[in-house]
1. State the answer as a single residue: which of GLY101, ALA120, PRO87 lies farthest towards the positive end of the charge dipole of segment 69-166, with beta carbon charges of +1 for Lys and Arg and -1 for Asp and Glu, about the Cα centre.
2. Build a GNM of the chain with springs between Cα atoms under 10 Å: which of THR49, THR90, THR100 gets the top mean-square fluctuation?
3. Relative to the first principal axis of the alpha-carbon coordinates of the chain, what is the inclination of helix 152-161, with its axis defined by its Cα atoms, in degrees from 0 to 90 and to the nearest 10?
4. If I fit a long axis through the Cα atoms of helix 55-73 and take the longest principal axis of the Cα atoms of the chain, what angle between them do I get, 0 to 90°, rounded to 10?
5. Taking H placed 1.01 Å from N in the peptide plane, check which residues at least 5 places from VAL81 or on another chain put their amide H under 5 Å from its amide H.
6. Not counting the cut sites, what is the longest span of the chain without GluC sites (Glu not before Pro) that DSSP labels loop and that have at most 12 other Cβ atoms within 10 Å?
7. Step by step: find N for segment 1-63, compute 2.2 N^0.38 Å, then divide the Cα radius of gyration by it. What's the final number?
8. Using the eigenvalues of the Cα gyration tensor, what equivalent ellipsoid semi-axes result for the chain when each is taken as the square root of five times the eigenvalue, whole Å, largest first?
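Taken together, the values in this text are just the output of simple stated rules run on the coordinates, not laboratory data. None of the values given here were measured: they were computed from a predicted structure. Every residue, glycine as well, gets a Cβ built from its backbone with ideal geometry; the counts of neighbours run over all protein chains shown.
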Amino acid sequence: AIPFARSKADRVVLWGTSFSGGHVISIAAEDHDVGAVVAQAPFVDPISTARLIGPSTIVRLMLAAGADACAGLLGLPPLEVAVHGPPGATACLATRDSDTGFRGIVSDSTWRNRCPARSALAFARYRPLWKARDVRCPALVVLAEEDTLIAPAVVERTARKMPRGELLRIDAGHFDVYHGRLRDDLLDAQVEFLDRHLGTPAVPVRRAA
């Protein structure tokens, strides 16, 4: 996707939120021609997230992931688990606001709340925090103070590791960034950040209520 974007524009900015917020950090650490990064409530560390989800859920997920990996080796259909669920559920996201928060995003979608259990194995190995110090471009990291999925202290640590990192704190939860006035205010702040560092015209983003 990035080479294609570069064929159409002089500069490329990476924007990501939640899990993809971690992706843009990892990519920018390897691709030093990226113009800037915006990482919104980014997933950066599986260890701290596992602690927030809880040990019993993590154990069940890992057992299901192991069984699914074995099924894959035998050519059997994937063993699926829920992506989101209430606390205590065997789901990849199972904190107190994961179920309602995720439903608020996909309520009008035909998307199924299922994924191969082996996805949890990739999740456990993925740690963008380790790559943050190699991000050379300007980077804006949005930290949600009430985040129940991603430990705020680890998000702050990630931003501090970036030589040109900036931290924007918001008094909100992980899923609040996708709705209402907060969403619009965050978009304005992100456009202003890009204008300041890349010299693009900053146009406030507003949507009708």
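1. ALA120
2. THR100
3. Here the helix axis deviates by roughly 50 degrees.
4. Helix 55-73 sits at roughly 80 degrees to that axis.
5. Close amide H contacts, sequence-distant or interchain: CYS115, ALA117.
6. On the way: sites that count: GLU145, GLU146.
After excluding every exposed loop site, the longest remaining stretch is 1-144.
7. Details: Rg = 15.7 Å, N = 63, 2.2 N^0.38 = 10.6 Å.
Its radius of gyration relative to the 2.2 N^0.38 Å reference: 1.47.
8. 31, 20, 17
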